[in-house]
1. Would a scan of the stretch 64-71 turn up a residue that is over 13 Å from the mean Cα position of the chain (by Cα) and buried (at least 19 other Cβ atoms within 10 Å of the Cβ)?
2. Taking VAL55 as the residue in question, decide whether it is free of Cβ contacts under 8 Å to residues at least 60 places away in the same chain and closer than 14 Å to ASN10 by Cα.
3. Pick from the stretch 129-155 the residues that are of a type in the set (D, E, K, R) and outside any helix (DSSP H, G or I): which of them is modelled with the lowest pLDDT?
4. Identify, by number, the condition in (1) out of contact with any Pro (no Cβ under 7 Å at 6 or more places or on another chain); (2) surrounded by 13 or more Cβ atoms within 10 Å (Cβ to Cβ) that ARG135 doesn't meet.
5. Check THR53, THR39, THR58, THR44 and return the single one that is surrounded by 19 or more Cβ atoms within 10 Å (Cβ to Cβ) and polar (S, T, N, Q).
6. Say we look at the stretch 145-168 and pick out the residues that are in contact (Cβ under 8 Å) with a residue 12 or more places away in the chain and more than 18 Å from PRO81 (Cα to Cα); which of these is surrounded by the fewest Cβ atoms within 10 Å (Cβ to Cβ)?
7. Taking ARG185, is it in a loop (DSSP other than H, G, I, E, B) and either polar (S, T, N, Q) or not assigned by TED's automatic domain parsing to the domain that holds TYR42 (or both)?
8. For the stretch 1-36, which residues satisfy the criterion of being in a helix (DSSP H, G or I) and buried (at least 23 other Cβ atoms within 10 Å of the Cβ)?
Amino acid sequence: MKLYWFDTVNPRKACAVAKYLQSPLEFVHVDLGRGEHRTPEYLTLNPNGKVPTLVDGTRTLWEANAIMCHLAARADSDLWPQDDRQVEVIRWLSWDLAHFYRNGSSLYFEYVIKPRFGLGDVDPDEVKRASKEWRRFAAVLDGHLHDRRWLVGRDITIADFAVASVLPYAERACIPLDEFPNVRRWHDRLNELDAWREPYPALAEAA
């Protein structure tokens with residue numbers, strides 16, 4: 001297997017799950033700054049020109065959530081439950097993309113991606129909008145986590161890897177994480193995992 005990645009927020013969760021599962025794969029670095037995601041060779045793998053992408057034999061997958069599911073299923077891991085919890089995992093994946101990640105990633109884009117790639121100044125109106133909406137949905141998550149260690153059931157699942165994906169960038173992206181103590185404790189618990197703290201391979205290890 002090959003996992004094509006760059007050190008941005010979406011590949012982060014796929015890389016973290018791969019490291020957590022110790023998946024037998026090769027990490028292939030795609031340099032977005034040099035436009036390697038727009039080459040004809042890469043676009044044959046991922047027509048969206050995005051990362052991550054997973055190649056497993058004759059199967060090619062894009063979209064980080066699908067990649068996490070595939071890696072967990074391939075490892076026969078309970079990260080992707082095969083019982084009633086699966087519906088709950090899908091619910092949190094959907095909620096995250098529609099609400100929590102959507103607004104957190106807007107702040108990430110304004111404060112992290114724009115300066116990194118020279119994409120202009122921070123948009124204060126977008127920051128105001130995204131901050132308000134992120135707080136709204138963080139309150140939902142905080143309430144859900146008040147008596148839980150993990151999002152679904154008693155054990156960690158890919159839902160935790162997905163929903164927390166922007167939180168490692170909270171300080172740099174001006175995401176008000178400390179206003180939500182249950183979310184903060186949950187993310188602190190994730191930070192106990194080596195794979196979560198350091199999900200990316202060293203570039204020397206990547207093709």
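The values are calculated or read from the model by the stated rules, or taken from the named source; none is laboratory data. Since the structure is predicted, the reported quantities are computational estimates derived from the model, not experimental observations. Here the Cβ is made from the backbone with ideal geometry for all residues, glycine too, and neighbour counts use every protein chain on show.
1. In the first step, residues of the stretch 64-71 are kept if they are over 13 Å from the mean Cα position of the chain (by Cα); the result is 70-71.
Now drop any that are not buried (at least 19 other Cβ atoms within 10 Å of the Cβ), which leaves 70-71.
Within the stretch 64-71, one or more residues are over 13 Å from the mean Cα position of the chain (by Cα) and buried (at least 19 other Cβ atoms within 10 Å of the Cβ).
2. Numbers: free of Cβ contacts under 8 Å to residues at least 60 places away in the same chain: yes; closer than 14 Å to ASN10 by Cα: no.
It is false that VAL55 is free of Cβ contacts under 8 Å to residues at least 60 places away in the same chain and closer than 14 Å to ASN10 by Cα.
3. Step one: of the stretch 129-155, the residues of a type in the set (D, E, K, R) are 129, 132-133, 135-136, 142, 147-149, 154-155.
Now narrow it down to the ones that are outside any helix (DSSP H, G or I): 148-149, 154-155.
Working: ARG148: 97, ARG149: 97, ARG154: 94, ASP155: 97.
Ranking the qualifying residues of the stretch 129-155, first place goes to ARG154.
4. (1)
5. THR53
6. My answer is HIS146.
7. Considered against the rule, which asks whether it is in a loop (DSSP other than H, G, I, E, B) and either polar (S, T, N, Q) or not assigned by TED's automatic domain parsing to the domain that holds TYR42 (or both), ARG185 comes out as no.
8. PRO11, ARG12, LYS13, ALA14, CYS15, ALA16, VAL17, ALA18
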